[in-house]
Amino acid sequence: MIKYVKDYIDGYYAGTVKFNRERVDLVNYIKREIEPRITSGEIYFDSKQIENCINYIEKWFFPLEDFQKFIISFIFLYFTENHRNVYRKIFIMIARGNGKNGLISGIISYLSTPMHGIKKYNISIVANSEDQAKTSFDEIYDTIESNSKLEKLFGKPGKKEIKNIQTKSILKYRTSNGNTKDGLRDGAVVFDEIHQYESNKDVKVHISGLGKRPNPREFYIGTDGYVRDGFIDRMKDLAKRVLDGTSKKWNAIFPFICKLDDERQVDDKDKWELANPMFSEPMSEYAQGLFETVCEDYDDLEEEPSGREEFMTKRMDLPVTDIERSVATYEELVATKQEFPDTRGLSAVGGFDFASIRDFAAVGVLFRIDDTYVFKAHSFVRKAFVDQIYGYSKPKDSINGKKQYAPIKKWEEQGFLTVLDEPSINPRHVAAWFAKMRDEEGLEFKAICGDRFRLDILGPAFEEFGFTLPKGKKEEISVDKIEIINNPRAIDSLLAPRIEDAFANLKVNFGDNDMMRWYTQNVLRRLKGDGNVEYVKKEDVRRKTDGFKAFEYAMYRADEIVQSVGEDFTEITDWFF
C-alpha cells in the first residue's frame with residue numbers, strides 16, 4: 001500500500017484523525033477490494049505519478065493536507081495489465097470551505113502537463129453557472145499568470161481556454177446546459193456543485209466525448225444540497241453500493257464523503273472534523289481561520305435560528321430532514337400574546353390579503369417598536385362560507401363529520417373579525433379599515449402592501465378613501481401609498497429569515513388576537529429543492545392563512561418603521577393562550 005493511503009488510514013486507527021461513517025466504510029472497502037488486488041498484482045499505485053502530482057501542486061498552488069494526498073493516490077491507481085486507470089468516476093463530497101475547488105484546480109492542471117504523459121488530454125469544468133464553472137479555471141489562470149516558469153509550459157493563458165504548449169491539452173469551463181457542448185474530445189470532465197443537478201441529462205452530454213483519449217476521468221465535487229432524489233442522491237446511492245459491496249462493479253466509483261453522521265453532533269465542535277477534514281489536528285493556518293469562521297456561523301444560529309438549514313447542509317454536509325414544518329412552534333405562538341403598546345400617531349406599514357372575495361380577507365397594521373414587530377389585525381369573512389365550513393350560525397363540535405377548526409362566533413364577539421352577509425366581500429371594507437386606522441388613530445402609513453391579484457376591484461376603493469395607487473414599478477414609497485407585490489410567492493424566501501428569527505427570538509406581538517395565532521399555525525413552511533422557502537397552506541379549505549399573509553406583506557416594508565416607545569405540525573385546539 002502506498003505511503004499516503006497507509007498513513008491516512010493509520011491516523012484513523014490511532015485516533016489522530018476522526019472519520020465519519022462513509023470514510024470508515026471506505027477503509028473497509030480498501031481492505032476488501034484494493035489490498036487483495038494489489039497483493040495479487042492485478043492493480044498498482046503509480047508512485048511516480050502520485051509524487052509528481054503532489055509536488056506539482058505544492059510547488060505551484062498550495063501545501064496539501066493528508067486527506068488530499070490520500071485522494072490523489074486513487075486518481076493514479078491503475079490496472080497492471082494495460083495501465084488503465086481503475087477509477088473513471090471520482091466523487092468528492094466535503095463541507096464548504098475545505099478546498100474542493102483548489103484541489104481540483106491543482107489536479108487538472110497537472111493532468112494537462114507532460115508529466116501526466118497524455119497529449120491532447122482536454123479538460124472541461126462544468127457547473128450550473130458560469131461564475132461557478134470559472135472558479136477552478138480562474139485559479140489556474142491566476143497561478144500561471146503569476147509564474148513566468150509556468151507560462152513557458154502553458155503560454156499566455158486565455159480568458160476562455162488555457163492550452164498547454166507541449167501536450168496541446170486544452171482546459172475550458174462550461175455551464176451544465178448541454179447546448180454549450182461543442183464537441184471537444186475531453187480526457188477529463190469536472191462537474192462542480194453537483195447538488196444543483198436535478199438529473200444526469202446534462203452530465204451524459206458532457207461525458208459523451210470521453211474515451212477518445214486514454215484514461216478518461218469524471219470528477220464530481222460539491223457539498224450536499226436541497227434537491228432530493230436528484231443527481232447527487234443517485235451518486236450517494238452508487239457510492240454506498242460500492243462501499244458495501246452490492247454494486248455490480250467494485251470500481252464503479254471512488255467516493256470520498258465527509259459529513260456528520262448525526263444531526264446532534266453539530267453541537268460538539270470536536271465532531272466537526274467528520275464533515276471538515278481540514279479540522280484534523282494539527283490544523284494549518286488556513287484550517288484555523290476556517291474553523292473560526294464556522295464557529296462564528298454556529299454562534300449566529302442562537303440569534304438567527306432560520307440559518308440552521310444552510311449551516312447543516314453547507315458547513316456540516318448533512319441536510320436537515322424537516323423540509324416541511326410550521327412557521328412557529330407552539331411556544332413561540334404563545335409568546336405572541338402580549339399587551340399592545342400605545343401606537344397612536346406612529347408610523348406603520350399596512351398589509352392586506354384579498355385573494356378570494358368569497359371567504360376571507362385580512363388586513364393589518366405593522367409597527368416596529370424596540371425591535372419587536374407589533375401587528376394589529378382584523379378579518380372580514382362571508383357568512384355563507386363560515387356557516388358551511390365552521391358552523392358559525394349554529395356552533396357545534398364538528399361540521400360534516402369533520403372537526404371544528406375555528407371559533408368564528410367567539411372571535412367575532414372579541415372584535416377580531418367582521419362577518420359579512422354579502423354575496424362577495426366588498427373591497428370597500430378593506431380600504432375603509434385602513435382609512436379608519438389612519439384617521440382615528442393618526443397613523444402615518446409608509447406603505448400598504450398587498451398582492452396585485454384583485455387590484456382591479458381594490459384600486460378604486462383605495463382611491464375613494466384617499467390612498468395613492470402605484471403608477472410604475474419603480475415609483476418611490478410615499479405616505480399612504482399602496483405598494484403592490486407583483487410576485488408574492490417570491491418574497492417568501494426573502495422574508496423567511498426575518499419572520500422566523502422574529503418568532504424564535506420572541507419578537508412578534510399579536511396581542512389578544514388568537515385568530516392571528518390560528519392563521520400562523522395553519523402555514524406550512526416548505527423547503528424547496530433549490531434551498532428557498534415557500535409558505536403554503538396545511539389544508540386548502542378550512543385552514544385559512546390570510547392573516548399571516550397580510551403580516552408577511554407588511555413585513556416586506558418593515559425597515560420603513562423603526563421606532564421606540566418610553567413546531568411541529570400539531571393541532572392547537574384550545575385558543576385560550
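The values are calculated or read from the model by the stated rules, or taken from the named source; none is laboratory data. Values in this document were obtained by computation on a predicted structure and should not be read as measured data. In this analysis, Cβ positions are derived from the backbone assuming ideal geometry, glycine residues included, and neighbour counts consider all displayed protein chains.
For LEU171, state whether it is in the same structural domain as LYS69 (by TED's automatic domain parsing), in contact with a helix residue (DSSP H, G or I) (Cβ under 6 Å, 6 or more places away or on another chain), at pLDDT 90 or above and not in a loop (DSSP other than H, G, I, E, B). Criteria not met by LEU171. How many of the residues making up segment 1-30 are touching a helix residue (DSSP H, G or I) at 6+ places or on another chain (Cβ under 8 Å), among the aromatic types (Phe, Trp, Tyr) and surrounded by fewer than 17 Cβ atoms within 10 Å (Cβ to Cβ)? Of the residues in segment 1-30, 1 are touching a helix residue (DSSP H, G or I) at 6+ places or on another chain (Cβ under 8 Å), among the aromatic types (Phe, Trp, Tyr) and surrounded by fewer than 17 Cβ atoms within 10 Å (Cβ to Cβ). Residue check: PHE380 meets all listed conditions (1) at pLDDT below 95; (2) closer than 18 Å to PHE462 by Cα; (3) outside any loop (DSSP other than H, G, I, E, B) but one, namely (1).
With respect to the conditions (1) surrounded by 15 or more Cβ atoms within 10 Å (Cβ to Cβ); (2) over 22 Å from TYR173 (Cα atoms), PRO63 lacks only one, and its number is (1).
Restricting segment 137-168 to residues that are in contact with a Phe, Trp or Tyr (Cβ under 8 Å, 6 or more places away or on another chain) and either part of a strand (DSSP E or B) or small (Gly, Ala, Ser) (or both), the residue that is surrounded by the fewest Cβ atoms within 10 Å (Cβ to Cβ) is LYS163. Scanning segment 54-112 for residues that are in a loop (DSSP other than H, G, I, E, B), among the acidic types (Asp, Glu) and in contact with a helix residue (DSSP H, G or I) (Cβ under 7 Å, 6 or more places away or on another chain) turns up just one, GLU65. Looking at segment 122-129, is at least one residue farther than 26 Å from ASN200 by Cβ and touching a Ser or Thr at 6+ places or on another chain (Cβ under 7 Å)? Checking segment 122-129: not a single residue is farther than 26 Å from ASN200 by Cβ and touching a Ser or Thr at 6+ places or on another chain (Cβ under 7 Å).
When segment 324-339 is filtered for residues that are in a helix (DSSP H, G or I) and either more than 20 Å from VAL536 (Cβ to Cβ) or at pLDDT below 90 (or both), the ones remaining, listed by number, are TYR330, GLU331, VAL334. Considering each residue of segment 505-534, count those that are in a strand (DSSP E or B) and within 16 Å of THR329 (Cβ to Cβ), and give that number. Of the residues in segment 505-534, 4 are in a strand (DSSP E or B) and within 16 Å of THR329 (Cβ to Cβ).
Table: residues versus (1) assigned to a helix (DSSP H, G or I); (2) at pLDDT below 95; (3) in contact with a helix residue (DSSP H, G or I) (Cβ under 7 Å, 6 or more places away or on another chain); (4) on the phi < 0 side of the Ramachandran plot.
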site: ASP270; (1), (2), (3), (4): yes, no, no, yes
site: GLU273; (1), (2), (3), (4): yes, no, yes, yes
site: PRO282; (1), (2), (3), (4): no, yes, no, yes
site: GLN288; (1), (2), (3), (4): yes, no, no, yes
site: PHE291; (1), (2), (3), (4): yes, no, yes, yes
site: GLU296; (1), (2), (3), (4): yes, no, no, yes
site: SER306; (1), (2), (3), (4): yes, yes, yes, yes
site: GLU310; (1), (2), (3), (4): yes, yes, no, yes
site: LYS314; (1), (2), (3), (4): yes, yes, no, yes
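Residue pairs whose Cβ atoms lie under 7 Å apart, sitting 6 or more positions apart in sequence or on different chains, and linking a residue in segment 388-413 that is in the same structural domain as MET515 (by TED's automatic domain parsing) and closer than 18 Å to ASP546 by Cα to a partner that is surrounded by 16 or more Cβ atoms within 10 Å (Cβ to Cβ) and modelled with pLDDT under 55, are ILE389/ILE399; TYR390/ILE399; TYR390/GLN404. Taking the criterion of being assigned to a helix (DSSP H, G or I) and crowded, with 16+ Cβ neighbours inside 10 Å, the residues of segment 31-50 that qualify are GLU33, ILE34, ARG37, ILE38, GLN49, ILE50.
Candidates in segment 235-270 are the residues that are touching a strand residue (DSSP E or B) at 6+ places or on another chain (Cβ under 8 Å) and β-branched (Val, Ile, Thr); of these, the one that is surrounded by the fewest Cβ atoms within 10 Å (Cβ to Cβ) is ILE253.
LEU238 meets all of the listed conditions (1) modelled with pLDDT of 95 or more; (2) aliphatic (A, V, I, L, M); (3) part of a loop (DSSP other than H, G, I, E, B) but one, namely (3).
Among the conditions (1) small (Gly, Ala, Ser); (2) farther than 26 Å from ARG234 by Cβ; (3) surrounded by fewer than 17 Cβ atoms within 10 Å (Cβ to Cβ), SER129 misses just one, which is (2). Listed conditions (1) of a type in the set (Lys, Arg); (2) assigned to a helix (DSSP H, G or I); (3) within 26 Å of GLN196 (Cβ to Cβ) are all met by LYS259, apart from (2).
For SER73, the criteria (1) farther than 20 Å from MET278 by Cα; (2) among the small types (Gly, Ala, Ser); (3) buried (at least 20 other Cβ atoms within 10 Å of the Cβ) hold in every case but one, which is (1). Of the residues that sit in segment 37-70 and are aliphatic (A, V, I, L, M) and under 39 Å from the mean Cα position of the chain (by Cα), which one is nearest to ASN251 (Cα to Cα)? Only one residue fits best here, namely ILE50.
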